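J.: Would you mind keeping the following structure in view while I ask a few things?
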Amino acid sequence: MSLKSYQRKFIEFAISNEILSFGSFILKSGRESPYFFNVGKFNKGSALSAIGKFYADVLHDENQLDFDVVFGPAYKGIPLASSTVIALSEHYKKDVPYSFNRKEIKDHGEGGNIVGAPLKGNILIIDDVITAGTAIRESLAIIKENGATTVGIIVAVDRQERGTGEVSAIQQIKQDYDIPVMSIINLDLIIQYLNEKGGYDEHLSNMKKYRDIYGIKK
Ligand code: OMP
């Protein structure tokens with residue numbers, strides 16, 4: 001797989017804004033990783049506008065996907081979903097409703113735990129990162145509980161790791177739910193970029209070792 005120009009731009013943007021960093025990080029899954037992708041660092045207007053456009057570009061590339069509502073899971077998925085629907089409207093003239101969940105159930109006012117457009121029909125989940133797939137499974141369950149159907153998932157980074165079993169987190173989701181899972185970039189593309197760029201020898205060697213242990217079998 002070769003790097004598309006928007007993927008190269010995305011990786012450059014992420015490195016220069018310290019959204020993608022290298023070192024030693026303990027993940028939600030307990031794995032110790034030599035790199036981390038932190039969407040929390042898309043923390044100003046220009047950065048949010050940029051990430052929304054990156055997601056919208058991928059969705060435009062995959063335009064056979066038919067969805068009614070975009071769902072951004074709390075907390076990190078919320079600004080991602082909002083910036084993506086803004087980008088779809090501004091750059092692709094697609095006016096798509098979106099909603100998100102509250103983590104806490106609200107029992108007064110409008111009540112319920114879904115905010116925004118009703119979670120009905122065909123839903124596209126927008127989230128930050130897939131590692132072992134736990135966060136995405138929580139979103140799939142919320143959508144099912146609301147009687148809607150997930151038709152696709154898009155994340156910024158597919159870390160291409162094994163899930164709880166031998167197959168990758170994404171392969172497992174595809175098998176269990178039969179839906180496409182898209183990403184702006186993945187681990188192989190990050191490694192490819194660092195190789196081409198040069199000057200990242202130590203990080204590259206750590207990332208390859210990590211991929212040998214936790215990566216998917218190809
Ligand atoms: P899984 O639930 O194991 O798929 O992990 C995905 C979640 O981990 C993401 O929604 C993030 O909250 C967090 N995460 C990152 O944000 N960036 C990373 O590079 C790795 C993780 C992680 O902990 O695996």
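J.: Starting from 0.36 nm per residue, how many nanometres of slack lie between T149 and V167 once their C-alpha separation is accounted for? If you can, show how the numbers build up before the last one.
T.: On the way: separation 18, 0.36 × 18 = 6.48 nm, distance 2.40 nm.
Difference between extended and current length: 4.1 nm.
J.: Let me ask something additional. For an R0 of 25 angstrom, estimate the FRET efficiency from the Cβ-Cβ distance between A74 and K4 and round to the nearest 0.05. Please report the intermediate quantities before stating the final value.
T.: Details: r = 31 Å, r/R0 = 1.22.
Given R0 = 25 Å and the Cβ-Cβ separation, E is 0.25.
J.: On a 0 to 90° scale, report how tilted helix 5-16 is relative to the longest principal axis of the chain, with both axes built from alpha carbons and the result rounded to the nearest 10.
T.: Roughly 80 degrees between the two axes.
J.: Let me ask another. What does a probe at N195 reach in the stretch 1-45, counting residues whose amide N is under 15 Å from the point 7 Å along Cα→Cβ?
T.: Zone members listed by number: 1-4.
J.: Given that compact globular proteins tend to follow 2.2 N^0.38 Å, what is the ratio of the alpha-carbon Rg of the stretch 144-218 to that value?
T.: Working: Rg = 15.0 Å, N = 75, 2.2 N^0.38 = 11.3 Å.
My calculation over the Cα atoms of the stretch 144-218 gives 1.32.
J.: Moving to a separate point now. Which value, in debye to the nearest 20, gives the size of the charge dipole of the stretch 5-214 about its Cα centre, when Lys and Arg are +1 and Asp and Glu are -1 at the Cβ? Can you show the working numbers first?
T.: Values: 23 positive and 27 negative charges, 65 e Å.
Around 300 debye, computed over the stretch 5-214.
J.: Keeping every protein chain in place, order T134, T164, T84 by accessible area at 1.4 Å, biggest value first, i.e. largest first. Please list the in-between numbers first.
T.: Values: T134 75, T164 130, T84 0 Å².
The ranking, largest first, comes out as T164, T134, T84.
J.: Give me the distance between the Cα centres of the stretch 116-147 and the stretch 29-82, rounded to whole Å.
T.: The stretch 116-147 and the stretch 29-82 have Cα centres spaced 13 Å from each other.
J.: In degrees, nearest 10, range 0 to 90: what is the angle between the Cα axis of helix 201-214 and the longest Cα principal axis of the chain?
T.: Roughly 60 degrees, rounded to the nearest 10.
J.: Can you list the lysines whose alpha carbon is less than 30 Å from that of K209, not counting same-chain residues fewer than 8 positions off?
T.: K4, K9, K28, K41, K76, K174, K197, K217, K218
J.: Could I have the simple spin-label model distance between S46 and F13, label points 7 Å from Cα toward Cβ, reported in nm to one decimal?
T.: For S46 paired with F13, the spin-label model returns 1.2 nm.
J.: Determine, at each q value in 0.10 (inverse angstroms), the log₁₀ of I(q)/I(0) that the Debye formula gives when each Cα of the chain is one equal point scatterer.
T.: After summing over all Cα pairs, the log10 values are -0.44.
J.: If Y55, Y200 are ordered by their accessible area, calculated over protein heavy atoms with a 1.4 Å probe, which sequence runs from highest to lowest? Walk me through the numbers before you get to the answer.
T.: Details: Y55 0, Y200 50 Å².
Of Y55, Y200, the descending order of accessible area is Y200, Y55.
J.: Return one number: the angle in degrees, 0 to 90 and rounded to the nearest 10, between the long axis of the Cα atoms of helix 77-92 and the longest principal axis of the Cα atoms of the chain.
T.: Helix 77-92 and the main axis of the chain meet at about 80 degrees.
J.: Then there's this: Which percentage, to the nearest 5, of the DSSP beta bridges contained in the chain is antiparallel? Write out the running numbers ahead of the final one.
T.: On the way: 11 of 30 bridges.
Bridges in the chain are about 35 percent antiparallel.
The values are calculated or read from the model by the stated rules, or taken from the named source; none is laboratory data. Not measured: the values here are computed from a predicted model. Because the Cβ atoms are built from the backbone with ideal geometry, glycine has one as well, and the counts that use them run over all protein chains shown. Calculation scope for accessible area: heavy atoms of the full protein, side chains included, ligands and nucleic acids excluded. Shrake-Rupley method; radii C 1.70, N 1.55, O 1.52, S 1.80 Å.
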